[in-house]
Protein chains: 2
Amino acid sequence: MPKQKIDRRVERTRQLLQNALSELILEKGYEKVTVQDVIDRANVGRSTFYAHFESLEQLLLSGFEPLRAQFEDFLSGAEFDHESPWALSLTMFQQVQKQQGGYITLTHVQKFLYGYLLDHLKMGMTKRNKNVPPELLAHYVASSFIALMTWWIDNEYPLSAEKMNEIYRQLVEPGTMAIMMGG
Amino acid sequence: MPKQKIDRRVERTRQLLQNALSELILEKGYEKVTVQDVIDRANVGRSTFYAHFESLEQLLLSGFEPLRAQFEDFLSGAEFDHESPWALSLTMFQQVQKQQGGYITLTHVQKFLYGYLLDHLKMGMTKRNKNVPPELLAHYVASSFIALMTWWIDNEYPLSAEKMNEIYRQLVEPGTMAIMMGG
DNA sequence: ATGTTTCTGAACACTGTGTTCGGTTATAAA
DNA sequence: TTTATAACCGAACACAGTGTTCAGAAACAT
């Protein structure tokens with residue numbers, strides 16, 4: 001099945017809307033951006049917007065898609081050591097910085113991370129430590145990551161991704177390992 | 001200055017509005033509650049609402065006030081060991097559970113905690129570790145607390161406040177101390 | 001050149017916010 | 001018990017935003 005060629009107008013419209021949203025988010029933050037703002041900036045008809053996306057959030061998510069795909073790829077790649085979930089964090093710092101998504105997308109990054117961590121923690125934990133629920137542990141590790149990321153973005157990337165990753169591991173790894181191995 | 005006696009009607013109205021908001025939050029979550037909902041439930045005139053509070057969030061905050069005052073008291077109390085910020089967390093777990101505020105108020109708890117932690121961390125850190133900004137550290141410690149609290153509330157308090165506090169310390173203390181003492 | 005798809009933009013119904021104001025009622029205090 | 005006043009009511013209003021519809025214009029692929 002040869003993949004359907006996409007009408008130029010569709011491509012163009014979606015691009016305009018995504019760019020407009022990006023700009024507006026940088027200018028005043030996602031929470032304050034309205035559909036009206038976006039279509040004015042993009043110079044696109046109101047009905048056109050709703051022909052493509054059912055809401056602002058859907059438009060936002062459409063821009064997040066490439067990043068998500070990249071993580072998916074990375075996780076299924078051979079070079080990834082499944083014994084150490086920590087290997088993931090540096091990549092994430094780097095990619096999120098490059099993507100410039102701002103912290104709106106972080107909600108989705110968090111969900112993604114949580115699911116991944118939960119799988120791996122369930123396996124890695126010895127039975128006697130199930131008195132600390134793996135769900136709680138996964139939630140903590142993912143949330144901590146998001147916390148550092150949020151600070152990093154808020155302060156406009158004052159440290160390198162490598163440094164941030166180092167701090168993250170120093171902070172989170174000891175406590176987590178202690179609980180996993182036997183508390 | 002003898003404290004002004006409050007008109008019964010004022011007391012009554014504020015109470016009705018706060019109760020209505022509480023109920024509605026439990027029923028459908030803060031995000032979905034409107035001013036209209038609240039005044040309908042409280043059976044209070046629209047203009048009356050705005051005579052008392054300038055927005056829904058202000059109404060929410062007014063309910064949070066007693067909790068905040070309690071922390072303020074605790075912190076200025078003699079029995080509190082200023083060398084160890086960790087002593088605070090158990091009280092917080094207990095009080096937030098009692099208050100049943102849900103996670104909406106957590107945003108404000110976080111701000112409060114952050115400010116407090118930052119003060120104490122700045123003093124407790126040796127100079128050579130300033131390569132990890134104290135603001136980042138405070139942000140992490142506060143965020144981790146909120147993360148555990150969020151999970152706890154979401155899962156309807158499956159563990160005791162004491163147990164939660166124990167886990168929190170086990171997770172967060174090692175990494176934080178390591179960085180503070182010399183990384 | 002032609003048939004199809006997409007875009008346009010104005011109109012519409014809807015939900016919610018926050019303000020104003022004349023009239024009513026509850027309250028505190030004399 | 002009266003009375004001045006402070007609080008409440010509710011309807012009306014202006015406003016901003018959402019999401020839908022539809023007929024006509026424009027861009028597109030072939």
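Right, A:Gln58: within 11 Å of DNA strand D (Cβ to nearest atom) and within 29 Å of A:Met92 (Cα to Cα) or not?
For A:Gln58, the condition - within 11 Å of DNA strand D (Cβ to nearest atom) and within 29 Å of A:Met92 (Cα to Cα) - is met.
Would you be able to tell me the number of residues in the range A:15-43 that are away from DNA strand D (no atom under 12 Å from the Cβ) and either within 14 Å of chain B (Cβ to nearest Cβ) or touching a helix residue (DSSP H, G or I) at 6+ places or on another chain (Cβ under 6 Å) (or both)?
7
Here are the criteria: (1) at pLDDT below 80; (2) within 8 Å of another protein chain (Cβ to nearest Cβ). Tell me which single one B:Gln100 does not satisfy.
B:Gln100 satisfies all of (1) at pLDDT below 80; (2) within 8 Å of another protein chain (Cβ to nearest Cβ) except (2).
Among the residues of the range B:47-59 satisfying the criterion of being outside any loop (DSSP other than H, G, I, E, B) and more than 20 Å from the chain's Cα centre (by Cα), which is surrounded by the most Cβ atoms within 10 Å (Cβ to Cβ)?
Taking the candidates together, the pick is B:Phe49.
Quick one: would you say B:Phe64 is more than 16 Å from DNA strand D (Cβ to nearest atom), in the same structural domain as B:Leu90 (by TED's automatic domain parsing) and farther than 15 Å from B:Thr105 by Cα?
When the stated conditions are applied, B:Phe64 does not pass them.
Test A:Arg12 against the stated conditions and say whether it is exposed (fewer than 14 other Cβ atoms within 10 Å of the Cβ), more than 14 Å from chain B (Cβ to nearest Cβ), within 14 Å of DNA strand D (Cβ to nearest atom) and modelled with pLDDT of 85 or more.
Yes; evaluated as a whole, the condition is true for this residue.
Considering the range B:103-140 alone, what residues qualify as being at pLDDT below 75 and within 18 Å of A:Ser144 (Cβ to Cβ)?
B:Tyr103, the sole residue that qualifies.
When you look at B:Glu57, is it within 14 Å of chain A (Cβ to nearest Cβ) and either more than 11 Å from DNA strand C (Cβ to nearest atom) or under 11 Å from B:Leu21 (Cα atoms) (or both), yes or no?
It is true that B:Glu57 is within 14 Å of chain A (Cβ to nearest Cβ) and either more than 11 Å from DNA strand C (Cβ to nearest atom) or under 11 Å from B:Leu21 (Cα atoms) (or both).
What is the residue count in the range A:1-46 for residues that are in contact with a Leu (Cβ under 8 Å, 6 or more places away or on another chain), part of a loop (DSSP other than H, G, I, E, B) and away from DNA strand C (no atom under 11 Å from the Cβ)?
Number of matching residues: 2.
Taking only the range B:147-183 into account, find how many residues are within 8 Å of chain A (Cβ to nearest Cβ) and assigned to a helix (DSSP H, G or I).
14
Quick one: would you say A:Lys163 is outside the structural domain of A:Lys28 (by TED's automatic domain parsing) and at pLDDT below 75?
Judged against the criteria, A:Lys163 is not a match.
The values are calculated or read from the model by the stated rules, or taken from the named source; none is laboratory data. Treat the numbers as computed from the prediction; the structure is a model and nothing was measured. Heads up, the Cβs are rebuilt from the backbone with ideal geometry, glycines too, and the neighbour counts pull from every protein chain shown.
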